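Some notes on the structure that comes next.
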């Protein structure tokens, strides 16, 4: 039966690739980027995928050729059953699940083995840099080539590269922009046009100056000090942890200094991201001038489907803002011990290397995809204008931003350090702690989370 499954799977992938306009020899998956070198053998009858939400599931269901949905957590690819295990990230539950299952994956029963798991940038290195390895080598184990990966943005490869080995791929890029309200811009600055607004916000000095003018008109420049955090943190020159010691970069210190001044002046607040107060700024009766985020924030998080929201009425616009940055992203990793390497490799190639598939993702899902030719073409096409942005096409800004992103200073500890630093600084911004007390609280919390680190 295993051999039969392998033959049927190969035939399916040949047919699916042909449908996408690609060519392949029988039994050897290929996409626009070139042929894999995976040696075909008997593969498993169950493809297990571990993730924390349904984003990747929807991409696979909608865009992998030949995928057949069975129910909310399972599907079929040929005669292979696809099973999704979704563990939310709350309280680190998803990572705990990976930590529990990945090390012994190769010894698990065949139908229980993890084949694919997803990671985010904030903790990707924890798994791609693990010793012994828990993620497959994308090139050495799965056979993807430099030619396959040539059109991907370099930073997306850097995130999941450890010790020179690429251990994951992504279908998306997440460069960010500053998203501002057109009506407030017209009232306070005399124009809503991005060409006029961009020069007023192209440095932090100008940004902070503009905050004062907005306050005079009754608005806050952002909803929360945390709105700008990712912009500062993506432009650091050192890592959260250097030589086993906790390190606070100068640009993180600048975020604290600038944010404290804005909070004290009443020009921003200290609300939690995703909370009710934060979401209220998306509504027409809100008093928030701008947010910072990538395409996914614009299209999926700004209440576009809700009557009375700014997005619903096309009332936002976008400019590059003080600094380029990246926020988020999801990476596909093949798990060590997988008994479906051929299918894992083909899923990676189809969803992250095949330009026609990625263009379809842009059209259907409004994702900024990890393919330069696809995005550069979309940036010149007015049909890709965002209704939320009043018909503006921001993709040229996203393309420029993606090329400039550097992830050279990520570490295994980014998620925990970021969460605890923001928690501690909120108390400082609100006046409950002095800066020194906030730092002490941060070091204590990180020390409890990562006892191996020194202050």
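Bear in mind these aren't lab numbers, they're just calculated from the coordinates by the rules spelled out. Since the structure is predicted, the reported quantities are computational estimates derived from the model, not experimental observations. Note that we place each Cβ from the backbone using ideal geometry, even for glycine, and neighbour counts take in every protein chain shown.
Scoring 92-102, 376-386, 311-321 by mean Cβ neighbours within 10 Å over their residues and listing the highest first yields 311-321, 92-102, 376-386.
Among 171, 255, the order by Cβ neighbours within 10 angstrom, fewest to most, reads 255, 171. Maximal additional length on extending the residue 430-residue 360 stretch stands at 20.6 nm, based on 0.36 nm per residue less the C-alpha distance.
Taking Cα atoms only, the orientation of helix 250-264 departs from the longest principal axis of the chain by about 50 degrees.
Using only Cα coordinates, the Kirkwood hydrodynamic radius of the chain works out to 23.3 Å.
Rg and Dmax of region 319-364, both derived from C-alpha coordinates alone, stand at 15.3, 47 Å. In whole angstrom, how far apart do the alpha carbon centroids of region 93-168 and region 317-333 sit? Answer, in whole Å: 22. Between region 255-273 and region 392-440, what's the alpha-carbon centroid distance in Å? When both Cα centres are located, 14 Å separates them. Applying 0.36 nm per residue to the separation of residue 76 and residue 400 and subtracting their alpha-carbon distance, the gain on full extension is 112.8 nm. Equivalent-ellipsoid semi-axes for region 185-309 (Cα gyration tensor, √(5λ), whole Å, largest first): 27, 18, 14.
Here the convex hull built on the C-alpha positions of region 138-207 has a volume of 126 cubic angstrom per residue. Rg and Dmax of region 110-149, based on Cα coordinates, read 11.9, 33 Å.
In percent, rounded to a whole number, the relative contact order of region 304-455 is 21, using alpha-carbon pairs under 8 Å and six or more apart. In this simple spin-label approximation, residue 87 and residue 276 carry label points 7 Å from Cα along the Cα→Cβ vector, and these lie 3.2 nm apart. Annotation: the residues 297, 47, sorted from fewest to most other C-beta atoms within 10 Å of their own C-beta, follow the order 297, 47. Quick check on region 295-451: what does the Kirkwood estimate of hydrodynamic radius come out to from the alpha carbon pairs, in Å? Evaluated on region 295-451, it is 19.1 Å.
Using the Cβ-Cβ distance between residue 111 and residue 313 with R0 = 41 Å, the FRET efficiency computed as 1/(1 + (r/R0)^6) comes to roughly 0.20. Taking each DSSP H run with n ≥ 4 as -39500 (n - 2.57) and averaging over every residue of the chain yields -11000 deg cm²/dmol at 222 nm.
Under the simplified labelling scheme, the residue 419-residue 449 pair shows an inter-label distance of 0.6 nm, with each label point 7 Å from Cα along Cα→Cβ.
Inverting the pair-averaged 1/r between distinct Cα atoms of region 265-351 gives 16.2 Å as its Kirkwood hydrodynamic radius. Axis of helix 435-449 versus longest Cα principal axis of the chain: the two differ by about 20°, to the nearest ten degrees. Each DSSP beta bridge with both residues in the chain is either parallel or antiparallel, and the antiparallel ones are about 75%. Axis of helix 204-216 versus longest Cα principal axis of the chain: the two differ by about 60°, to the nearest ten degrees.
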